[in-house]
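S.K.: Quick one: the structure is below, and I'll ask about it shortly.
Readers should treat all values here as calculations from the given coordinates under stated rules, not as data from a laboratory. Every value quoted in this text rests on a predicted model; they were computed, and no experiment measured them. Glycine gets a Cβ as well: all are built from the backbone with ideal geometry, and neighbour counts include every protein chain shown.
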Amino acid sequence: MSFTYQLKKEILEKENTKACCSLSELAGIVAFSSSIKNRNVKIVIENRAVAARIVRLMKRTLGTNVEVEKRSGGGVRKNDVFIINCRDGKALFEKLGLNNSLQKILKPCCKRAFIKGAFLGGGSVSDPNKRYHLEFVTGYDDICGNVIELFEDMGLKAGKIFRRGKNVIYFKDCDMICDVLAGIGINRGVMEIYEIKVIKDKKNELNRINNMEVANIFKIVDAAANQLMCIEKIDKAVGIDSLPESLRELAKLRIKYPDDGLGALGAKLSPPLGKSGVNHRMRKIIEISKRY
């Protein structure tokens with residue numbers, strides 16, 4: 001069962017309580033699942049439960065009885081599809097208000113019902129374990145523009161692309177996706193997305209910390225190798241014992257403990273010295289090595 005299927009199943013558990021919202025939901029489904037040819041509207045759905053919902057909404061809101069034709073799936077996805085044919089597409093679009101500005105005709109309660117229908121008809125959400133992506137696909141340019149404005153009225157900024165002859169409205173921000181889904185009543189799905197996000201964020205934070213630690217280890221190793229090279233240079237030229245006592249002690253500790261950080265070396269000095277003090281002495285050793 002895909003993640004999108006789970007989300008749509010949650011929507012379908014509830015019916016609209018208002019007739020106006022039922023009509024708006026049907027309008028959203030038609031707008032995002034249909035095409036018009038020779039004045040006829042063909043609605044194509046891959047979800048059996050959504051197809052059944054369309055039949056009920058058609059009967060309840062328009063008093064229209066429709067039949068569903070099932071066709072076996074082919075191609076890559078091989079999903080069965082359910083087709084509903086409606087004659088006189090112009091009249092259907094007029095009854096659903098799809099020939100007008102949605103902002104002007106939809107009541108506040110109906111705007112979310114329309115988006116709910118749009119999701120049932122042509123919406124999908126990627127598996128949040130892999131990426132954050134919500135999209136709505138429609139073949140109607142004017143409806144696409146109207147729906148983007150609907151989202152803007154809700155404070156949601158949607159992106160838009162044109163893909164394989166269809167308009168695609170999309171969201172890629174996790175919080176924005178959850179706002180859209182919560183707005184159409186998908187509460188369990190939103191909780192699941194946020195649970196996954198918390199786990200992913202924690203893993204990313206741990207990876208970042210681990211990467212920093214690894215980087216620091218390499219930095220320490222590179223610095224120690226350079227320090228050893230400088231000490232060896234001095235030793236070959238004039239001998240380590242030629243160094244001042246404070247530097248001589250540090251040089252010998254570096255040779256004995258090549259993998260230690262500066263703080264660890266400082267703790268072994270007598271008396272112990274802080275990291276900044278050890279760094280200061282080590283810089284002096286490096287400067288002396290440049291003479292030879």
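S.K.: Using only the alpha-carbon atoms, what does the range 211-277 span along each of its principal axes? Please give whole angstrom values in decreasing order.
M.R.: Here the Cα extents, ordered largest to smallest, are 40, 27, 17 Å.
S.K.: Here's another thing I want to ask about it. Springs between alpha-carbon atoms under 10 Å, Gaussian network over the chain: tell me which of PRO258, PRO128, PRO244 tops the mean-square fluctuations.
M.R.: In this elastic network of the chain, the residue with the biggest mean-square fluctuation among PRO258, PRO128, PRO244 is PRO244.
S.K.: Would you look at the GNM of the chain, springs on alpha carbons closer than 10 Å, and say which of GLY155, GLY277, GLY97 moves the most?
M.R.: Answer for the Gaussian network model of the chain: GLY277.
S.K.: Related question: Against the 2.2 N^0.38 Å scaling, with N counting residues, where does the range 3-185 land? I'd like the Cα-based Rg ratio to two decimal places.
M.R.: Cα-based Rg divided by the globular estimate yields 0.96.
S.K.: Related question: Per-residue counts of other Cβ atoms within 10 Å, averaged by peptide: what ranking do you get for 224-233, 195-204, highest first?
M.R.: On the way: 224-233: 16.4, 195-204: 11.9.
Highest mean packing first, the order is 224-233, 195-204.
S.K.: Right, something else. Show which lysines lie in cross-link reach of LYS14 when reach means a straight Cα distance below 25 angstrom and same-chain residues fewer than eight apart are skipped.
M.R.: List returned: LYS59, LYS70, LYS95, LYS107, LYS111, LYS116.
S.K.: How far is helix 275-289 tilted off the main Cα axis of the chain, in degrees rounded to 10, range 0 to 90?
M.R.: Long axis of 275-289 versus the principal axis of the chain: about 60 degrees.
S.K.: Moving to a separate point now. Within 10 Å of each residue's Cβ, count the other Cβ atoms and sort PHE119, PHE151 from fewest upward.
M.R.: The fewest-first ordering by Cβ neighbours comes to PHE151, PHE119.
S.K.: Taking θ = phi - 60°, what integer Hz values does the Karplus form 6.51 cos²θ - 1.76 cosθ + 1.60 yield along the range 17-29, in sequence order, with x for Gly and Pro?
M.R.: 8, 10, 4, 5, 6, 4, 5, 5, 5, 4, 4, x, 4
S.K.: Right, another one. For the chain, modelled as a Gaussian network with Cα springs under 10 Å, which listed residue fluctuates most, LYS236, LYS116, LYS107?
M.R.: Result: LYS236 has the largest fluctuation of those listed.
S.K.: Which value at 222 nm does the chain reach when only helices count, each DSSP H run of 4 or more adding -39,500 (n - 2.57), with the total divided by all residues and rounded to the nearest 500 deg cm²/dmol?
M.R.: -18500 deg cm²/dmol
S.K.: At q = 0.09, 0.20, 0.21 Å⁻¹, what is the base-10 log of I(q)/I(0) for the range 103-237 according to the Debye formula with one equal point scatterer per Cα and no solvent? Please give it to two decimals.
M.R.: So the normalised log intensities are -0.44, -1.14, -1.21.
S.K.: Another one. Could you give the dipole magnitude of the range 208-289 about its Cα centre, charging the beta-carbon of Lys and Arg +1 and that of Asp and Glu -1, in debye to the nearest 20?
M.R.: So the dipole magnitude of the range 208-289 works out to roughly 140 debye.
S.K.: Could you pull out the GluC sites (Glu not before Pro) across the range 120-169 that fall in loop regions by DSSP (anything but H, G, I, E, B) with no more than 15 other Cβ atoms inside 10 Å?
M.R.: none
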